[in-house]
1. Mind telling me which of the residues 318, 254 ends up being of a type outside the set (Asp, Glu), in contact with a helix residue (DSSP H, G or I) (Cβ under 9 Å, 6 or more places away or on another chain), under 18 Å from residue 20 (Cβ atoms) and loosely packed, with under 14 Cβ neighbours inside 10 Å?
2. Cβ contacts < 8 Å: first residue touching a residue at least 60 places away in the same chain (Cβ under 8 Å), restricted to the range 228-241; second residue assigned to a loop (DSSP other than H, G, I, E, B) and among the basic types (Lys, Arg), any location; separation 6+ or different chain. Result?
3. Using the structure shown, decide if residue 286 is assigned by TED's automatic domain parsing to the domain that holds residue 198, assigned to a helix (DSSP H, G or I) and either closer than 19 Å to residue 67 by Cα or of a type in the set (A, V, I, L, M) (or both).
4. Which of the residues spanning the range 61-81 are over 15 Å from residue 31 (Cβ atoms) and either assigned to a helix (DSSP H, G or I) or outside the structural domain of residue 98 (by TED's automatic domain parsing) (or both)?
5. Residues to consider are 294, 316; find the one that is among the hydrophobic types (A, V, I, L, M, F, W, C) and either under 15 Å from residue 244 (Cα atoms) or not in a helix (DSSP H, G or I) (or both).
6. Exactly one condition in (1) within 19 Å of the chain's Cα centre (by Cα); (2) touching a residue at least 12 places away in the same chain (Cβ under 8 Å) is false for residue 120; which is it?
7. Which numbered condition trips up residue 227, out of (1) modelled with pLDDT under 90; (2) touching a Phe, Trp or Tyr at 6+ places or on another chain (Cβ under 9 Å); (3) surrounded by fewer than 17 Cβ atoms within 10 Å (Cβ to Cβ); (4) not aliphatic (A, V, I, L, M)?
8. Is at least one residue of the range 269-284 on the phi > 0 side of the Ramachandran plot, surrounded by fewer than 18 Cβ atoms within 10 Å (Cβ to Cβ) and not hydrophobic (A, V, I, L, M, F, W, C)?
Amino acid sequence: MLKKQSILFVYVNYSSFVKADFEILSTFANVSKYQFKPGKGIISTGIKLIRQLLFLSINIWKYNSVFVWFADYHSLLPVVFAKLLGKKSYLVIGGYEVCRVKSLNYGALCSKVRGLFCVASMQFCSFNLTVSRYIDRKVKYIAPRSQRLLIPNCVDFDLLPFNISPKKNIILTVGIIDNSRSFFLKGIDTFIEVARNCKDYEFIIIGLDKQKINSLLSNLPHNITIFGRLPHDELPAYYQSSKFYFQLSRSESFGLSVAEAMLYGCIPIVTNEGGLPELVGDKGFIVKRIPNIICQLITENSLFSHDFQIEVFNRIAFCFSRVKREEKLLSLLLQKINENK
């Protein structure tokens, strides 16, 4: 009977988080994908919205509910159609939608029009599914009449690293850093200064496009190695050998690479931004963006037990597993399905 339920699954990019939810929902329902490919500029975005409007006008009646990843231009029409037709809509709030870093022009709320689409989507949907307590508080403030449910993001892993490898004096950070905004947003400037102060460690940045931001990379310390984007299956080798993992972001809703590194026993050192403290808990360090103090922290904690590395691993494996997210998602959706019978 449950297989007769039909869900319209709306997304922009088929990231690992989005893919995980699609697979979870597909275990009990027929799930149809609708990808909204954003264009550049008002005219292009307007054309995409008209296409979405036509699709929903013709097809929305086929679905029992709507599930949307992220609030943005692509989310408003699906949740409004669902509301008008008495269908349930679920909107996953990842963080960008409730963010506004004016100095870097980062976050949907930096644009009045885009912010309006986001806030209206949050108000009209049946449930905002927030991925952290931080995001939940932001949604409550921005859209006070909205319905919210906290369901933390999950880390999908197939092979658990039960035998954590011996660590080297390597400090790692991973991200997509291809312009000046992402450079400062991910705290790479601070990462470089810590390397300058901490000469006994090798510092590795993965995912940085040197050609696009070469002007920001002058006078690098000798102990920094930079790689461009690598295939995801090559990252474990770096996680396994690194002693510390840094995420010195100025804004971060979850921190997937932090979680992945912790699965390999890397000790996380993160800033007090967004969902990072919730992710790390007491199995790492929350720091201010002060290079010499961070360097001192590394020196004072250069030795740690294998048992603590196992605790770091367990923090992610038990608190942010796919099984936990699956249980909460299915419990919510099955409850609403039964209410509609």
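1. Selected residue: 318, the only one of 318, 254 that is of a type outside the set (Asp, Glu), in contact with a helix residue (DSSP H, G or I) (Cβ under 9 Å, 6 or more places away or on another chain), under 18 Å from residue 20 (Cβ atoms) and loosely packed, with under 14 Cβ neighbours inside 10 Å.
2. 241/167
3. Criteria not met by residue 286.
4. The answer is 61, 76, 77, 79, 80, 81.
5. 294
6. Of the numbered conditions (1) within 19 Å of the chain's Cα centre (by Cα); (2) touching a residue at least 12 places away in the same chain (Cβ under 8 Å), the odd one out for residue 120 is (1).
7. (1)
8. yes
The values are calculated or read from the model by the stated rules, or taken from the named source; none is laboratory data. If you're wondering where the values come from, they're calculated on a predicted model, not measured in any experiment. Glycine also receives a Cβ, built like all others from the backbone with ideal geometry; neighbour counts cover every protein chain displayed.
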